[in-house]
Amino acid sequence: MAGRRKFLMGSAALLAAPIVARAQGASVLKFVPAADLSVLDPVWTTSYQTRDHGFLVFDTLYGLDSAFRPSPQMAAGAVTEDAGKTWRITLRDGLSFHDGSKVLARDAAASVRRWGARDGFGQALLAACDEIGAPDDKTILFRLKAPFPLLPDALAKTPPSMCPIMPERLALTDPFKQVTEMVGSGPYRYKTDERVAGALVVYERNQAYQPRTDGVADGTAGPKIAHFDRIEWRIIPDSATAAAALQRGEIDWWLTPDADLLPVLRKHTNVIVENTVPTGFIATMRFNHLIPPFNNPAIRRAMFGAVTQSDYMIGMVGTDPANWRDNVGYFCPATALANDAGMAALTSPRDPAKVKRALAEAGYGGEPVVVLTPTDIASARALAEITADTIRKLGVNVEAATMEWASLVQRRVKMDPVGQGGWNIFHTSWAALDMVNPAGHVFLRGNARSAAPGWPSSPRIEALRDEWFTAPDEAAQQTIARALQLQAFQDVPYIPLGQYFVPTAYQASLSGIIHGNPVFWNVRRR
């Protein structure tokens, strides 16, 4: 307890005073993310904190607007040849990296190849390519086996990861090893010398950045104009401390305030509470498919009967049904691919005794089930605790492994048995837009050890996903989506736990906050 008080006192001190002398007098935006930044490389992880960091430091060839249309960002434009089997993307003038070197086409080509080795959409693009090269300093060449009209969409992709353009020397790093040297060409520089783990992340305006001069800032498309000299991420795990700091004007923007604090924040005349992500988020239960007991698909399927989505949603965001939705399947509700195939597994009457029998019949033998439980994100902690309590009552031998989210992100990549630091279940939430279609749906994959942590293997899911990319029209895509959902209920790459809506809170003196995932250009103080 004394350690906790000491930490909070340290957080208050960070809020009250500038970190370094040169910050005095500078225009500073103080932002509280949902959790600390544990990984710097946006290719290596799907963590949203890393993605948001990535958009500060790195730029992308294409941006994505709020209507999900790709538009050139670092690219000046593109031409296609050979009936769509050849693409030539030209870089716009004035692009330079933070180390002063000029951005060249070979940097971009190497960056696309590295990103494509890890990202789901990128993997589909690489599979369609015979070559990604740079015939000259300004031109990125894509030679395709067959037309791939979604190529700009892939390069513009934001959920849940982005295609960061970095110098070739960094982009040649093994995609499965982290890049730790942060050299991008984006509107802000990462300040390694000011990083305080668990407390502070700092970015400084890139004075050499030349934003686009056409269009308007919309999503990750259009001009990226940095109005602040510094962006400071203040890591404040305690919600009451963050709420008080926002009300006192000591921080400018709190990304994900707790639901029970929203009424207080809404009453404050200098605070705006706004839902900037109208499609919300979808909570998930992810299994480790490599080790017992969830390497057994019958045991995974039995777990559907243990899930009551409304329990999870109430535990996360409260009883007001305006803040959540249950009966959620494997695609974002109210979008083109959402469907009811197989939904009885989640919507039929709940019967704990039946679930207990199903677990026994499937072969569950009392093995320990390690549930990773974050301590610093209240919503994710609620998910883990509900699961642990529910399955413990079913006779499952539950071990709750508690840790901060940053540590959880590191531990969930372990493929070891639980006795060697492995795990069985973790929970996370995705922006629902990440689940609109198979291209960006990271958890709806079955590519085994190449998949995101959990590593499900399902050749049928992979085959259906490939079919979706080549579907001739929306009707065909919808048919494939139904088949994908039915297969997911069989193979259980994860269990959807419901959709919820989380507003953000910021000082009324701010304007220009772009709807969607948090970006820091276009934001200014009135």
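Per-structure values
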read-out	value
Residue ranges of helices (runs of 4 or more DSSP H) in the stretch 336-443 with at least 3 members among the polar types (S, T, N, Q) and in the same structural domain as Asp491 (by TED's automatic domain parsing)	378-393
Qualifying residue in the stretch 250-261 (condition: surrounded by fewer than 20 Cβ atoms within 10 Å (Cβ to Cβ), in the same structural domain as Tyr203 (by TED's automatic domain parsing) and modelled with pLDDT of 95 or more)	yes
Of all residues making up the stretch 470-493, the number that are touching a Leu at 6+ places or on another chain (Cβ under 8 Å) and closer than 17 Å to Ala338 by Cα	8
Set Val39, Val32: member being more than 18 Å from Tyr209 (Cβ to Cβ), touching a helix residue (DSSP H, G or I) at 6+ places or on another chain (Cβ under 6 Å), modelled with pLDDT under 95 and of a type outside the set (Gly, Ala, Ser)	Val39
Residue list for the stretch 124-147, restricted to those being over 17 Å from Leu61 (Cα atoms), of a type in the set (A, V, I, L, M, F, W, C) and not in a helix (DSSP H, G or I)	Cys129, Leu144, Ala146
Scope the stretch 271-306; condition assigned to a loop (DSSP other than H, G, I, E, B), surrounded by fewer than 17 Cβ atoms within 10 Å (Cβ to Cβ) and at pLDDT 95 or above; matching residues	Asn295, Asn296
Failed item, numbered, when Trp455 is tested on (1) assigned to a loop (DSSP other than H, G, I, E, B); (2) over 30 Å from Pro175 (Cα atoms)	(2)
Qualifying residue in the stretch 225-248 (condition: over 26 Å from the mean Cα position of the chain (by Cα), under 26 Å from Gly315 (Cβ atoms) and β-branched (Val, Ile, Thr))	no
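Results for (1) out of contact with any Pro (no Cβ under 6 Å at 6 or more places or on another chain); (2) in the same structural domain as Gly120 (by TED's automatic domain parsing); (3) surrounded by fewer than 21 Cβ atoms within 10 Å (Cβ to Cβ), shown as yes or no for each residue.
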{"position": "Leu150", "(1), (2), (3)": "yes, yes, yes"}
{"position": "Ala154", "(1), (2), (3)": "yes, yes, no"}
{"position": "Pro164", "(1), (2), (3)": "no, yes, no"}
{"position": "Pro175", "(1), (2), (3)": "yes, no, yes"}
{"position": "Glu194", "(1), (2), (3)": "yes, no, yes"}
{"position": "Gly198", "(1), (2), (3)": "yes, no, yes"}
{"position": "Val201", "(1), (2), (3)": "yes, no, no"}
{"position": "Gln207", "(1), (2), (3)": "yes, no, yes"}
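The values are calculated or read from the model by the stated rules, or taken from the named source; none is laboratory data. This is a predicted model, so every value here is computed, not measured. Cβ sites come from the backbone with ideal geometry, for glycine too, and all protein chains shown count toward neighbours.
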